[in-house]
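Asker: Next up is a structure, given as C-alpha cells.
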Amino acid sequence: MQRRERTRHLIELGGLVQKAGLVDLADDDRATIYGALLELVGRAQGDTAGDTLALWKRRGRRAFDAEAEALETGDERA
C-alpha cells in the first residue's frame with residue numbers, strides 16, 4: 001500500500017513539472033530539468049528561504065485557483 005501511495009505521489013510531482021512547462025522549456029532534457037530543480041533548491045536554502053518559499057506558494061495557489069476557475073467557467077485559456 002505504501003509503495004502504491006509513493007508511486008502516485010511521484011507521478012503527481014512529475015505532472016507538476018510538466019504542467020509548469022519545464023519539460024517543454026527544457027526540450028525534455030532530464031539533465032536540464034534536474035539542473036533547474038537544483039537551482040530552485042539552492043535559492044530556497046539561502047538567507048531569504050522563507051520569503052522565497054512563501055512567494056512560490058502564493059504563485060502556485062494562484063495558478064491552481066485560476067485553473068479551477070477556468071474549469072468551472074469553461075474558459076480553456078487559463
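Asker: Please work out the average accessible area per residue across the range 25-78, using the 1.4 Å probe convention, and give it in Å².
Answerer: Values: 4720 Å² over 54 residues.
Counting only protein heavy atoms, the per-residue value for the range 25-78 is 87 Å².
Asker: Per the 1.4 Å probe, what fraction of the accessible area of the range 25-78, in percent, lies on carbon and sulfur atoms? Don't skip to the end; give the middle numbers.
Answerer: Details: 2480 of 4720 Å².
Carbon and sulfur: 53 percent of the exposed surface of the range 25-78.
Asker: Run a plain Debye calculation on the range 1-57 (Cα atoms as equal point scatterers, no solvent) and give log10 I(q)/I(0) at q = 0.26 Å⁻¹, rounded to two decimals, same order as the q list.
Answerer: Result of the Debye calculation: -1.02.
Asker: Turning to a different aspect of this structure: Quick check: residue separation of D51 and E39 times 0.36 nm, minus the Cα distance between them. What number comes out in nm? Numbers along the way, then the final one.
Answerer: On the way: separation 12, 0.36 × 12 = 4.32 nm, distance 1.61 nm.
Value of the extension gain: 2.7 nm.
The values are calculated or read from the model by the stated rules, or taken from the named source; none is laboratory data. What you see is a predicted model, and the numbers here were worked out from it, not measured in a lab. Areas reflect the complete protein model, heavy atoms only, side chains present, ligands, DNA and RNA absent. Shrake-Rupley method; radii C 1.70, N 1.55, O 1.52, S 1.80 Å.
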